[in-house]
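S.K.: Got a structure for you, questions after.
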Amino acid sequence: MTEREKLINIWDSIKLRIKNENRDISAVAFDTWIRPLKVGKIENGTVYLLVPPEHAGDGTGINIIKKNYSSLFKVTISESMNNIYEIEFIEEDPSEDYSNDSSNIVMEEEPSAIYQSNLNEKYTFDTFVVGPNNQLAVSAAKAVVERPGLVYNPLFLYGGPGLGKTHLMHAIGASIIKKDPTKIVSYVTSENFTNEVIGYIQKGDIQKLRDKYRSVDVLLLDDVQFIIGKESTQNEFFNSFNELHSQNKAIILSSDKPPKDLEILDERLRSRFEWGLTVDITPPDYETRMAILRQYATNQLGFEVKDEVIQYIASNISSNIRELEGALNKVSARKSLYNEEINVSIAEEAIKDMLKESEPRKITPEIIISEVAKYYEITKEAIISKKRPKNVVYPRQICMYLCRELTDTSFDEIGKAIGGKDHATVMHGYNIIKDDLSTNPSLRDDIEKLKKKIIPGQ
Ligand code: ADP
Ligand code: MG
């Protein structure tokens, strides 16, 4: 590659190094003068850096840049390129093709440990549904965004798979950069961190890795349980942790267990993990699962999915949000295949292999209402409304009866599910059906049929 190509490859990390090694450059100055600079041509040992016209300001902008940053760029570029250069700042001419330069050919080199944030822009706070299961974790995460390194350091998030730890970490990283674009944020999985440590040790170049991780402002290390038992990785991380922590740089960690349950973790690390705040994320409740599915349908799939389908998925898949999303993906694949409106039976068919034998479909008041409505050819809305037309009152009482018999929901909860009826009304409805059952064979028959529809495999 040419000198110019090499410089372009490392250009972002050069700018960040300048920012990072010069604490007196303010965020505004960095954004105004340094971030917009581009690599122009390289000629006879001079690097021409391009100032966009809107920042050149008839030469005044260029003069400010020259005066303040010339020597910084000269030193940093020369060091990074292993060659001595002069630096000139010129106004960018949009009509010129700077790639057509005559800079020397240089040997292709392994890139040095250049900074990468590795953030996935899909994962933001905007798309993260807050529920009782993750409320604390979200507040803590937002507090860290406000004052990174100064509160909850480290922030230790733990919880089972698919509950949103990784999502939350990316959201923290992205929000910190959004607030202050000069912050150097690095997200890394423990697996990649381990591989990096091994790779740099083999190359005898571990110092490069240290420089890399110790120069960040925010380090997000995901699934830290994976470094357990890996001695050199733990050691490297221990040292980086101390360095970053002592400089009030933010550290955010995730794991499947709290620090105290991370067996055979180096005791020194375990105690450091507990220095800040440890919060758990638990499986979402039914309402939160519904909200997550609705959000996912709108934002990721881009179409509305019927409530009854969302209810069906939310009732049947409960412990892992990745699976919830997977179920909705499967269901929506049907939609594009057959171009038909998705209903519960399509959803049932689509996700049946995701439902484990050991986890029979959970019966909920929603499912009961839905089946009863279908059976009596009335709408669900009619059942949960306050109106009392004759053809609805009886099916509504059947719902009350079946909810009581088939779920472990209290009369109060059943009342809520059936449009806000009170305890006494539900109990009354239940008793009416119960009494009628002993005298009315056709009701017995209806109830049997309904149970078959509601309870799977019957
Ligand atoms: P973990 O890292 O805990 O295993 P992830 O962060 O990878 O879990 O989450 C799995 C999937 O579930 C991701 O697609 C993520 O966007 C989604 N997800 C998790 N929690 C939420 C939430 N509260 N709101 C919206 N999506 C979520
Ligand atoms: Mg994860």
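S.K.: For Glu263, which of the numbered conditions (1) farther than 17 Å from Lys212 by Cα; (2) in contact (Cβ under 8 Å) with a residue 12 or more places away in the chain; (3) not in a loop (DSSP other than H, G, I, E, B) fails to hold?
M.R.: The single condition Glu263 does not satisfy is (3).
S.K.: Also, I was wondering about something else. Test each condition in (1) modelled with pLDDT of 95 or more; (2) within 8 Å of ligand 1 (Cβ to nearest atom); (3) touching a Pro at 6+ places or on another chain (Cβ under 9 Å) for Tyr158 and report the one that comes out false.
M.R.: Tyr158 satisfies all of (1) modelled with pLDDT of 95 or more; (2) within 8 Å of ligand 1 (Cβ to nearest atom); (3) touching a Pro at 6+ places or on another chain (Cβ under 9 Å) except (2).
S.K.: Look at region 395-414 and say how many of its residues are surrounded by fewer than 17 Cβ atoms within 10 Å (Cβ to Cβ) and part of a helix (DSSP H, G or I).
M.R.: Summing the residues that are surrounded by fewer than 17 Cβ atoms within 10 Å (Cβ to Cβ) and part of a helix (DSSP H, G or I) in region 395-414 gives 3.
S.K.: Right, another one. Scan region 1-34 residue by residue and report those that are among the hydrophobic types (A, V, I, L, M, F, W, C) and in a helix (DSSP H, G or I).
M.R.: Within region 1-34, Leu7, Ile8, Trp11, Ile14, Leu16, Ile18, Ala27, Val28, Ala29, Phe30, Trp33, Ile34 qualify.
Table: residues versus (1) more than 16 Å from ligand 2 (Cβ to nearest atom); (2) in contact with a strand residue (DSSP E or B) (Cβ under 8 Å, 6 or more places away or on another chain); (3) within 20 Å of Asp266 (Cβ to Cβ).
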{"position": "Ile198", "(1), (2), (3)": "yes, no, yes"}
{"position": "Gln202", "(1), (2), (3)": "yes, no, no"}
{"position": "Asp217", "(1), (2), (3)": "yes, yes, no"}
{"position": "Leu221", "(1), (2), (3)": "no, yes, yes"}
{"position": "Glu236", "(1), (2), (3)": "yes, no, yes"}
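S.K.: Pairs under 9 Å by beta carbon, first residue within 16 Å of Ile383 (Cα to Cα) in region 395-423, partner aromatic (Phe, Trp, Tyr) and surrounded by fewer than 16 Cβ atoms within 10 Å (Cβ to Cβ), six or more apart or different chains?
M.R.: Sorted first by the residue in region 395-423, then by its partner, the pairs are Pro395/Tyr375; Ile398/Tyr375.
S.K.: Conditions: (1) away from ligand 1 (no atom under 11 Å from the Cβ); (2) surrounded by fewer than 20 Cβ atoms within 10 Å (Cβ to Cβ). Ile313 meets all but one. Number of the miss?
M.R.: Going through the list (1) away from ligand 1 (no atom under 11 Å from the Cβ); (2) surrounded by fewer than 20 Cβ atoms within 10 Å (Cβ to Cβ), Ile313 breaks only (2).
S.K.: Test Tyr375 against the stated conditions and say whether it is in contact (Cβ under 8 Å) with a residue 60 or more places away in the chain and closer than 19 Å to Asp436 by Cβ.
M.R.: Judged against the criteria, Tyr375 is a match.
S.K.: Could you list, ordered by first residue, the pairs with Cβ atoms under 7 Å in which the first is in region 164-186 and more than 27 Å from Asp285 (Cα to Cα) and the second is within 16 Å of ligand 2 (Cβ to nearest atom) and part of a helix (DSSP H, G or I), at least 6 apart or interchain?
M.R.: Val185/Gly173
S.K.: Please go through region 389-413 and pick out each residue that is aromatic (Phe, Trp, Tyr) and either at pLDDT 95 or above or out of contact with any His (no Cβ under 8 Å at 6 or more places or on another chain) (or both).
M.R.: Hits for region 389-413 are Tyr394, Tyr401.
S.K.: Got a number for residues in region 12-57 being modelled with pLDDT under 85, buried (at least 20 other Cβ atoms within 10 Å of the Cβ) and either over 32 Å from the mean Cα position of the chain (by Cα) or among the polar types (S, T, N, Q) (or both)?
M.R.: 1
The values are calculated or read from the model by the stated rules, or taken from the named source; none is laboratory data. Because the structure is predicted, anything quoted here is derived from the model rather than measured. As a convention, Cβ positions derive from the backbone with ideal geometry for all residues, glycine included, and neighbour counts pool all protein chains shown.
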